[in-house]
Amino acid sequence: MTVSGHPLQYILALIAGILILIMPGLLNYIVAIYLIVIGIMGLIAPSRRAAMIEKRKAYQEKLDVQLEEWNAQIALFISRAEKARTEGKFEYDKIIEVLQQKQGEMRIKLQELKSSSDEVWEELKAGAEQAWADLKIAFDKAASKFK
């Protein structure tokens, strides 16, 4: 059996139970206050959850858009590599291979983010940001080589 809820709910329940044992005459007041507090917490929690979901969605969409832009850039690099002379083509092909590998890693990180729970999302986001930074550096280097 798994119990989930805000930790404050458990603390309030414990305090309410102790107060009822100590002062049974206040039972009605204690239960009423407990229910009001839990009700307010219940109203606040969904709005926080919705804000978190919206934040996650916006971040993931940003990554999706950037990955598609980089995909188009890789296609441009491939086109330029095909036009390059034989001695330069090998170097271009190697750069493109590294970019595609890093882009694949970023896609995996993004998929992990999309399927993660709220509890681990922040941790995975940090890993995705590192992969993002690595990919950006690789793209900047590649862009300077393909000029």
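The values are calculated or read from the model by the stated rules, or taken from the named source; none is laboratory data. Not measured: the values here are computed from a predicted model. Heads up, the Cβs are rebuilt from the backbone with ideal geometry, glycines too, and the neighbour counts pull from every protein chain shown.
Here are a few things to note about the model shown:
Listed here are the residues, each with its yes/no results for (1) loosely packed, with under 12 Cβ neighbours inside 10 Å; (2) among the charged types (D, E, K, R); (3) touching a residue at least 40 places away in the same chain (Cβ under 8 Å); (4) in contact with a helix residue (DSSP H, G or I) (Cβ under 7 Å, 6 or more places away or on another chain).
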residue: PHE77; (1), (2), (3), (4): no, no, yes, yes
residue: PHE90; (1), (2), (3), (4): yes, no, no, no
residue: ASP93; (1), (2), (3), (4): no, yes, no, yes
residue: GLN103; (1), (2), (3), (4): no, no, no, yes
residue: LEU110; (1), (2), (3), (4): no, no, yes, yes
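- Test result for ARG48, more than 25 Å from ALA142 (Cβ to Cβ) and touching a residue at least 24 places away in the same chain (Cβ under 8 Å): no
- Some residue of region 39-55 being modelled with pLDDT of 85 or more and more than 21 Å from GLU112 (Cα to Cα): no
- Checklist (1) modelled with pLDDT of 80 or more; (2) over 28 Å from the mean Cα position of the chain (by Cα); (3) closer than 30 Å to ALA138 by Cβ applied to GLN60, failing item: (2)
- Output for region 112-138, where each listed residue is in contact with a helix residue (DSSP H, G or I) (Cβ under 6 Å, 6 or more places away or on another chain) and farther than 22 Å from ARG56 by Cα: ALA138
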